[in-house]
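Structure first, then comments.
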Amino acid sequence: MKIKKNNRGKPVDKSGIDPNVLNNWVQQDKARWDAVKCQALIALSKGVSVTDVCKVLGVTRESVRLWRICLKQKGLKGLVAPTKKGKVSKLTDHLKNDLRKVIYMDPRELGYSQNEHWTGKLLCKYLKEKWGVHIAVRTAQNWIKQIKNL
């Protein structure tokens with residue numbers, strides 16, 4: 001008598017699965033993340049532990065707890081993330097185009113003799129003098145980083 005080998009426990013073929021690409025895709029659309037929340041709660045209802053859900057999704061137990069409360073209190077509408085309204089950025093397209101050129105220049109070419117590269121403080125000074133724009137140093141540092149990543 002020949003014993004049939006059980007195929008359970010074989011490693012899953014993970015080739016072609018890039019979690020970073022998938023995660024970025026989910027993050028691009030609020031509705032996709034809302035669907036992920038629903039899947040997490042479905043998993044909980046089927047007996048998957050909160051710990052496992054958190055590990056797979058990379059979220060905290062507190063997030064899952066809040067999702068459960070929102071669903072219980074508000075129904076499906078409670079899972080839909082509210083649109084966030086923030087301050088309108090002072091980094092206009094016109095200003096962004098100017099900064100794309102300026103950031104790659106040596107500040108000494110513009111008369112800033114003390115620095116050979118752009119800092120948040122120096123960019124604040126430039127924006128105030130040239131454009132009349134007042135921003136925080138940390139915001140200027142973020143703009144430098146943002147423009148260099150474009």
Q) Using 0.36 nm per residue, how much length does the chain from residue 113 to residue 32 gain when fully extended, once their Cα-Cα distance is taken away? A) 24.2 nm
Q: Kindly express, to the nearest 10 degrees and within the range 0 to 90, the angle between helix 120-131's C-alpha long axis and the longest C-alpha principal axis of the chain.
A: 60 degrees
Q: Using only Cα atoms, tell me the angle between helix 61-74 and the longest principal axis of the chain; keep it within 0 to 90° and round to the nearest 10.
A: 80 degrees
Q. In degrees between 0 and 90, to the nearest 10, how far off the longest principal axis of the chain does helix 137-148 point, with axes built from Cα atoms?
A. 70 degrees
Q.
If I compute Cα extents along the principal axes in Å from the structure I just sent, which labelled value in [x] 64, 39, 29; [y] 57, 30, 23; [z] 88, 48, 23 lines up?
A. [z]
Q | Spatially proximal aspartates and glutamates relative to residue 46 (Cα-Cα < 20 Å; intrachain offsets below 8 disregarded) | A | 34, 62
Q. Kirkwood Rh over Cα pairs of region 6-93 into Stokes-Einstein at 20 °C, 1.002 mPa s: D in µm²/s?
A. 138 µm²/s
Q: Sticking with the crude label model, points 7 Å out along Cα→Cβ, report the distance from residue 46 to residue 60 in nm, one decimal please.
A: 2.8 nm
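Each reported figure results from applying straightforward, stated rules to the coordinates on display, with no laboratory input. Predicted model only: the values in this text are computed from it and were never measured. Cβ: placed from backbone, ideal geometry, glycine included. Neighbour counts: every protein chain shown.
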